[in-house]
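Just so it is clear, none of the values below were taken in a lab; they were calculated from the coordinates. From a predicted model like this one, the values you see are computed outputs, not experimental measurements. Methodologically, a virtual Cβ is constructed for each residue, glycine included, from the backbone with ideal geometry; neighbour enumeration extends over all protein chains shown.
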Amino acid sequence: METLTKEVLISELSNFVGTECWYRHPLQNDFLITEGVKYFADRTQSYWLLDVIATEFFPLLKDQPFMVITVKVENAACVIVVTDGNENQSQLKDIPFTTLTDGLWKFYLTDSVILLPSEY
């Protein structure tokens, strides 16, 4: 099985510009996932991350209509930081263990859709 490196994943994700297809999250029917985010979850086996976003951050959209979700992964642990796009932090979540590829992964959550920055 191929080891997924940060560089390989960054290269693969750079191919996603815009989206033609949206996927509904099973826990939040109104929560839409773009092709790029679905690819990220498939490739990294991190549907748990979408579950965290769907249950903990998606409900906050009514009060904060645009969120930048940054996932910093290092040494099999990660920190999820949510800001308003102007570096004003609104949420922080520590995940003590993950198999996610090391790196800094960024997503936007707005208009009930989670997307990669290149899909915005």
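Annotations for the structure displayed:
- Kirkwood radius, the chain, all distinct C-alpha pairs, inverse of mean reciprocal distance: 14.5 Å.
- Ile10-Asn88 FRET efficiency (beta carbon distance; Förster radius 22 Å; 0.05 resolution): 0.25
- Computed over neighbours whose Cβ is under 14 Å from that of Tyr39, the net charge equals -3, Lys and Arg +1, Asp and Glu -1.
- Choice from Asp84, Asp102, Asp42 with maximal GNM fluctuation in the chain (Cα, 10 Å cutoff): Asp42
- Highest-MSF residue in the chain out of Phe16, Phe58, Phe97 [GNM, Cα springs under 10 Å]: Phe97
- Net charge, Pro65 excluded, C-beta distance under 15 Å - Lys, Arg +1, Asp, Glu -1: -3
- Lysine pairs with alpha-carbon atoms under 18 Å apart, the chain, spacing 8 or more or separate chains: 7
- Using C-alpha pairs below 8 Å separated by at least 6 residues, the relative contact order for the range 6-119 is 28 percent.
- Potential lengthening of the chain between Asn29 and Lys72 amounts to 12.8 nm, from the contour at 0.36 nm per residue minus the alpha-carbon distance.
- Where GluC sites (Glu not before Pro) in DSSP loops with at most 15 other Cβ within 10 Å are excluded, longest remaining stretch of the chain: 21-86
- GNM on the chain, alpha-carbon springs under 10 angstrom: the most fluctuating residue among Leu27, Leu13, Leu109 is Leu27.
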